[in-house]
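Accompanying notes for the structure given below.
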Amino acid sequence: MQSVNFFFLKIIIAFVVFGCSNETADTETGSPLEPSKYYEELNISYGNDNNQVFDLFLPANRNANTKILILVHGGGWTSGDKSSMNAIRDLIRQDFPDVAIANINYRLADSNNSPYPMQINDITSVVDFLKANKTNYNVSEKLGFIGTSAGAHLSLLWSYAFDTNNNVNMVCSIVGPTNFTDPAYLENANPELQNLLNLYGLNPNLDFLEEISPYHQVTTSSPPTILFYAGQDELIPTTQGTDMRDKLSDLDIIHEFTLYPNVGHSLGVLEIIDAWNKLKTFISNQL
C-alpha cells in the first residue's frame with residue numbers, strides 16, 4: 001500500500017496546473033490564539049511516542065461551529081507520514097477556508113506492535129485532545145475524515161465503530177481496505193498483500209477479522225461516506241469498494257462511490273482531479 005503516496009504527488013501536479021488561491025495566511029504559531037486570525041501549529045504531541053503528533057491549521061474568523069477535517073495518511077499501517085497529506089491539506093485550505101484541519105501521525109505497526117487497536121487508540125487520543133481544547137481553539141466537536149489506503153481503513157473503522165458521540169459528519173475512503181473477511185483477501189496469492197494482512201495475526205479468527213472490518217462495523221447511524229477505488233489495484237480488490245457500497249446502500253446511509261476501472265492503487269492525474277471535484281461537493285454538502 002506504499003504506492004498511494006504517488007496519489008499525492010499527482011495531487012500536487014493537479015494543484016499547480018489548475019491553480020491555487022493567491023491568498024496568504026497570517027501565521028502566528030506560538031502566539032495567543034485569536035479566533036480572528038489564522039493559526040497553525042506543527043507537531044503537537046498527544047502521546048509519548050515520537051509518532052504521536054499532529055499538525056493543526058485553524059482558519060481565521062473561526063467560531064464554535066467551525067468543523068475539523070482529520071487527515072489520515074496511508075503506508076500499509078507500517079510506514080508513511082502526515083507530510084504525504086500536505087497536498088490535500090492545501091486543497092482543503094484553498095477550497096474550504098472556513099474549515100479547520102488536523103493532519104495526524106500515528107504509531108506504526110511492526111512485528112511486535114499490531115495496527116489494531118493501537119492506531120485506532122491514537123485517533124481516539126487526537127479526537128479527545130481536540131475536544132479538550134475546543135474552547136481555546138474556537139472550534140466545534142464536529143469532524144470529518146479523509147484517509148488514503150491504510151489510513152482510509154482506519155478512518156472508516158473509527159467513524160463506524162468508535163465515534164461514540166456521533167461527532168463524525170462525513171468520512172472519505174480513497175482506496176482503503178474495508179472487509180478482511182472478503183474471499184479476495186482470505187484466498188489471495190499476493191505475497192506483498194499477505195505480508196500486510198499478517199500484521200493482524202497469522203491465523204486470526206473470523207470474529208476478529210469482522211471487528212477490524214468497516215464493512216462489518218457499519219450501522220444505520222454511521223456517517224455519510226464517499227468511496228474511491230481503482231479497478232487495477234493489486235492491493236485493494238474491487239470488491240472492497242463495491243461490497244462496502246452495497247452495504248451502505250442496504251443500510252440507507254448517504255454515500256457516493258466511484259470506481260476508476262483502468263488505474264491502479266495510486267490512481268492517475270485525471271482520476272485525482274475528478275475525485276477531488278466529487279469530494280469537494282461531498283464535503284460541502286455533508287460536513
ask   = How about LYS142: which aspartates and glutamates have a C-alpha closer than 15 Å to its C-alpha, ignoring those fewer than 8 places off in the same chain?
value = ASP98, ASP128, ASP163
request  = Heavy atoms only, probe 1.4 angstrom, no DNA, RNA or ligands counted: give me SER83, SER155 ranked by accessible area, highest first.
outcome  = SER83, SER155
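By accessible area of protein heavy atoms, probe 1.4 Å, what ranking do ASP110, ASP252 get, highest first? The partial results should precede the final answer.
Details: ASP110 70, ASP252 135 Å².
These residues rank, largest area first, as ASP252, ASP110.
Express the carbon and sulfur contribution to the solvent-accessible surface of segment 72-187 as a percent, rounded to the nearest whole number, probe 1.4 angstrom.
Looking at segment 72-187 in its full context, I get 43 percent from C and S.
Work the Kirkwood hydrodynamic radius out for segment 191-281: mean of 1/r over every pair of different alpha-carbon atoms, inverted, in Å.
Values: mean 1/r = 0.0681 Å⁻¹.
One over the average 1/r among Cα pairs gives 14.7 Å for segment 191-281.
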ask   = Which whole-number value in Å² is the accessible area per residue of the chain, probe 1.4 Å?
value = 42 Å²
query = Scanning the chain for helices, which whole DSSP H stretches are 27 Å or more long along the axis (Cα) and average -1.0 or more by Kyte-Doolittle?
reply = none
query = Hey, got the Cα dimensions of segment 88-145 along the principal axes, in Å, largest first?
reply = 41, 26, 14
note = In whole percents, the bins of 5 Å from zero upward hold the Cα-Cα pairs of the chain as 1, 5, 13, 18, 20, 18, 13, 7, 3, 1, 0, 0
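The values are calculated or read from the model by the stated rules, or taken from the named source; none is laboratory data. Note that this is a predicted model, so its numbers are computed, not measured. Areas reflect the complete protein model, heavy atoms only, side chains present, ligands, DNA and RNA absent. Shrake-Rupley method; radii C 1.70, N 1.55, O 1.52, S 1.80 Å.
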